Amino acid sequence: MKMELIQPFIGSLDAVLAEMMKEPAKIVDLTMEVEGYRRKGTAAVVTFRGQIEGRVILDMDPAAAAHVAGCLFGKEVDSSEPIVRETVCELANMVIGNAVTQLNDRGFQFKVLPPEVLTQEQCDKTGNDSEATVLCFETSNGRVYLNIAMKYLQRRTRERSAVPVA
Amino acid sequence: MKQFEALTRKQDSEPVRYLIVDDSVFARKSLAKMIESFGGQVIGEAGDGCTAITEFSRTKPDIVLMDITMPQMEGIEAVERIVQQHPDARIVMVSSVGYQDNILAALQKGARHFVQKPVKPDALYEIIRYVLNDDGVTATVGAAEEKSR
């Protein structure tokens, strides 16, 4: 997967975690998904459609997700409370929304669908025509994973318009 | 959370009344907390565009904070419907997706402003103050505290 597609997600997750967790996050690992993705904690998936199609899974250690919810409520929140899943969904929405906005500014057009809680333990491997990358961020409250799978459907507008007419 | 100088209504010096529209409970809670720090009052909440239209007619808020991506009816369509029925409605779009196309579409349908998530309280406060002052709705900042003395 091209770095130009991944970079906005890294920047966006970094910015959202800094704002919502009030602390910096450090990227500690980047791997290519070989087999299906196994969920680590509380996770949400956001699908996007357009010139690039794909889905992104935001997967947080329960303690990290509970910490963000706790920042909002001003008290400790148990990781099993429903608001923790809501929190991960909204964080996913922010991360993906901000990243695809940056990609849109670079000429890719998308439609983002509302986030959904990922309940499956094991996700199917992405198709042969998709590539999936897993980024791991470390915070003082636990790890946060971002699994990005996407494929090009069309070249971006400016590339299409630059193709000379025969 | 930082406390802001209260924004109050010029007509009765009461707190500014807000309707929050977002399908995320977390986002609604987060915005409500900010509104509280602005000295405002949340008089209604909705999780989709259809409910937002009903809630607007029922509560007649001073300002609406409206998400874009929602199930059933998206925010931009809800803005259009609300503004058709209530041309003076003051709606600020609050979305994680900040495409220029989306922003333009929302403004063309009648939204007054746009703020991207994650929302920074200072930025939202300034936008709300700008929108309300533009319509002559708000009294001088801090009037609520003076009234309560």
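The values are calculated or read from the model by the stated rules, or taken from the named source; none is laboratory data. Just so it is clear, the model here is predicted, and its values are computed rather than measured. Every residue, glycine as well, gets a Cβ built from its backbone with ideal geometry; the counts of neighbours run over all protein chains shown.
Find all pairs meeting these conditions: Cβ atoms under 9 angstrom apart; at least six residues apart or on different chains; first residue within the stretch B:20-33 and more than 7 Å from chain A (Cβ to nearest Cβ) and within 20 Å of A:Glu116 (Cβ to Cβ); second residue assigned to a loop (DSSP other than H, G, I, E, B) and of a type outside the set (Asp, Glu).
Every condition considered, the pairs that remain are B:Val21/B:Gly47; B:Val21/B:Met70; B:Asp22/B:Gly47; B:Asp22/B:Met70; B:Arg28/B:Gly47.
Test of understanding: among A:Lys111, A:Lys151, which residue is within 14 Å of chain B (Cβ to nearest Cβ), surrounded by fewer than 18 Cβ atoms within 10 Å (Cβ to Cβ), over 16 Å from B:Phe26 (Cα atoms) and not polar (S, T, N, Q)?
The match here is A:Lys111.
Could you please let me know if B:Leu7 is surrounded by fewer than 17 Cβ atoms within 10 Å (Cβ to Cβ) and of a type in the set (A, V, I, L, M, F, W, C)?
Answer is no for this residue.
For B:Gln11, indicate whether it is more than 14 Å from chain A (Cβ to nearest Cβ), closer than 19 Å to B:Asn133 by Cβ, among the polar types (S, T, N, Q) and over 14 Å from the mean Cα position of the chain (by Cα).
yes
Counting only residues that are more than 22 Å from A:Ala15 (Cα to Cα) and without any contact (Cβ under 8 Å) to a residue 24 or more places away in the chain, which one in the stretch A:65-82 is nearest to the other protein chains (Cβ to nearest Cβ)?
Only one residue fits best here, namely A:Pro82.
Per-residue answers, yes or no, for (1) away from chain B (no Cβ under 14 Å); (2) under 30 Å from A:Gly74 (Cα atoms):
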residue: A:Gly11; (1), (2): no, yes
residue: A:Asp14; (1), (2): no, yes
residue: A:Glu35; (1), (2): yes, no
residue: A:Arg39; (1), (2): yes, yes
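Scan the stretch B:65-116 for residues that are outside any helix (DSSP H, G or I), of a type outside the set (Lys, Arg) and away from chain A (no Cβ under 14 Å) and jot them down.
If the condition is that a residue be outside any helix (DSSP H, G or I), of a type outside the set (Lys, Arg) and away from chain A (no Cβ under 14 Å), then B:Leu65, B:Met66, B:His86, B:Pro87, B:Asp88, B:Ala89, B:Ile91, B:Val92, B:Gly110, B:Ala111, B:His113 are the ones that fit.
Okay, residues lined up against (1) of a type in the set (S, T, N, Q); (2) more than 9 Å from every other protein chain (Cβ to nearest Cβ); (3) buried (at least 24 other Cβ atoms within 10 Å of the Cβ):
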site: A:Arg49; (1), (2), (3): no, yes, no
site: A:Leu58; (1), (2), (3): no, yes, yes
site: A:Asp61; (1), (2), (3): no, yes, no
site: A:Arg85; (1), (2), (3): no, yes, no
site: A:Met94; (1), (2), (3): no, no, yes
site: A:Ala99; (1), (2), (3): no, yes, yes
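If I go through the stretch B:85-108 residue by residue, how many of them are touching a Lys or Arg at 6+ places or on another chain (Cβ under 9 Å) and more than 18 Å from B:Asp22 (Cβ to Cβ)?
Selection size over the stretch B:85-108: 1.
State yes or no: is A:Gly74 among the small types (Gly, Ala, Ser), within 22 Å of A:Leu17 (Cβ to Cβ), surrounded by 22 or more Cβ atoms within 10 Å (Cβ to Cβ) and at pLDDT below 90?
No; evaluated as a whole, the condition is false for this residue.
Which of the numbered conditions does A:Gln7 fail, given that it passes all the others? Conditions: (1) modelled with pLDDT of 90 or more; (2) away from chain B (no Cβ under 12 Å); (3) in contact with a strand residue (DSSP E or B) (Cβ under 7 Å, 6 or more places away or on another chain); (4) in a helix (DSSP H, G or I).
The number of the failed condition is (3).
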